[in-house]
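Okay, so here's the structure we're looking at.
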Amino acid sequence: MKFLLMTLITRVPDPVTGVVPSTRDRFREVVEQARRAEELGFDGFAVGERHEDPFLSAAPPVVLSHLAAVTARITLFTAVTTLSLLDPVRAFEDYATLDNLSDGRLELIIGKGNGTAQARLYHVTTEDQWDRNREGYELLRALWDREEVTWSGRFRPPLTDARALPRPLQPTLRIWHGSATSRESVELAARHGDPIFSANVTHPIEPYAELIRHYRARWADHGRDPADALVGAGTAGLHVARTSQEAVAAYRPLYEARTALQRQVGNPVVFETVEDFVTRSSALVGSPQQVIDKVGRYHEQFGHEVIHLSAEREGRSEADHLGSLELFQAEVAPELRRRFPSRPLAAGREFAGATS
């Protein structure tokens, strides 16, 4: 199993002090999170893409290019690239540049995105976002795979013998299709033989497990070997401590601040108490053995090889946050890697890079 730390670069009040960090300080914190992830031995670092308050993650290629310069080994992910909003030619240029700057350490997770700001900023609506996502994916894939592309679609001008530069370093880019509960993304992934990444953060396990079962069924329907299907999954939170009591006590203020914010903005609260959240959500909050057992239970349903974990401190002391990450890497990750073998990420794959 592989492990990513992930951030959406939110800019919100500290749950304990109430202080709102500056934008510059939040970006500096993300840089340090990525450095720390590599030092601790995590396999990847992921940056989301959102285009509304309180998120600062509007430009993942820019952030990840900086992270490529301050790291050397860790795989760099988007989580997700909102292709429904982007010109796929420009997205190709950005990510092909990043692929070269990172020595081929790039993997994309794509999705349609969400939030009302999309419609205001980009005039992308619920009626056309899926078609835009599919069309953007297919053109991005064609540009990555071929030196020259002739193409036409609904949402951008056609291309005739177009040659987009720079050429990427990786001749084939792994593109994951991110989804919460919608079948459109997993249908697209199965059709093209791509992996999926289940959000797995808002609800109990059932809707996510059903979606993954559907993906595997559609994968087989397309004549693909079931053993080749690749699945990743998110987690709703992380805090590892020596005992479950210590872990829940440390996480309780984070949970209470998060649910208060959800109520404030009118979002439903699925888990009414921190105990319910720890028990029924995908959060990994507990002792090392409890976390290992919980991932094992999810793996029985998902068969996943990659998980993402929050990179954020979220009001915990630096010592508590770092201690949780260190304990995860020392006692949880090695056992999960032993139990659940996984395929290499971009940083661990060998390839012949393009030279033009």
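The values are calculated or read from the model by the stated rules, or taken from the named source; none is laboratory data. Because the structure is a prediction, the values reported are computed rather than measured. No Cβ is skipped: glycine too gets one built from the backbone with ideal geometry, and neighbour counts run over all protein chains shown. Just the protein is used for accessible areas: all its heavy atoms, side chains included, with ligands, DNA and RNA removed. Shrake-Rupley method; radii C 1.70, N 1.55, O 1.52, S 1.80 Å.
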Inset, instruction - Taking only segment 128-156 into account, find how many residues are without any contact (Cβ under 8 Å) to a residue 24 or more places away in the chain and touching a Ser or Thr at 6+ places or on another chain (Cβ under 7 Å). - result: 1
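State the number of residues belonging to segment 53-93 that are of a type outside the set (A, V, I, L, M) and more than 19 Å from residue 312 (Cα to Cα).
Taking segment 53-93 and keeping what is of a type outside the set (A, V, I, L, M), we get 53-55, 57, 60-61, 65-66, 71, 73, 75, 77-78, 81-82, 84, 87-88, 90, 92-93.
Right, trim to more than 19 Å from residue 312 (Cα to Cα) and you get 61, 65, 73, 81-82, 84, 87-88, 90, 92-93.
Qualifying residue count, segment 53-93: 11.
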Inset, instruction - Give the number of residues within segment 185-203 that are over 30 Å from residue 271 (Cα atoms) and either of a type in the set (Val, Ile, Thr) or open to solvent by 70 Å² or more (accessible area, probe 1.4 Å) (or both). - result: 2
Inset, instruction - Please specify each residue of segment 37-57 satisfying the condition of being open to solvent by less than 40 Å² (accessible area, probe 1.4 Å) and in a helix (DSSP H, G or I). - result: 37, 38
Inset, instruction - Answer with yes or no whether residue 206 is open to solvent by 70 Å² or more (accessible area, probe 1.4 Å) and either modelled with pLDDT of 95 or more or within 28 Å of residue 147 (Cα to Cα) (or both). - result: yes
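To keep it simple, each residue is scored yes or no on (1) touching a residue at least 24 places away in the same chain (Cβ under 8 Å); (2) within 20 Å of residue 133 (Cβ to Cβ).
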{"site": "158", "(1), (2)": "no, yes"}
{"site": "164", "(1), (2)": "yes, yes"}
{"site": "171", "(1), (2)": "yes, no"}
{"site": "175", "(1), (2)": "yes, yes"}
{"site": "179", "(1), (2)": "yes, yes"}
{"site": "184", "(1), (2)": "yes, yes"}
{"site": "206", "(1), (2)": "no, no"}
Legend entry - Condition met for residue 331 (touching a residue at least 40 places away in the same chain (Cβ under 8 Å), charged (D, E, K, R) and closer than 30 Å to residue 174 by Cβ): yes
Legend entry - Residue in segment 255-305 that is surrounded by the most Cβ atoms within 10 Å (Cβ to Cβ), counting only those that are more than 25 Å from residue 325 (Cβ to Cβ) and touching a residue at least 60 places away in the same chain (Cβ under 8 Å): 303
Legend entry - Spans of strands (runs of 3 or more DSSP E) in segment 58-151 with at least 3 residues open to solvent by less than 60 Å² (accessible area, probe 1.4 Å), closer than 25 Å to residue 196 by Cβ and at pLDDT 95 or above: 75-78, 106-111
Legend entry - Subset tally (residues that are assigned to a helix (DSSP H, G or I), more than 18 Å from residue 188 (Cβ to Cβ) and either of a type in the set (Asp, Glu) or open to solvent by 70 Å² or more (accessible area, probe 1.4 Å) (or both)) for segment 209-226: 1
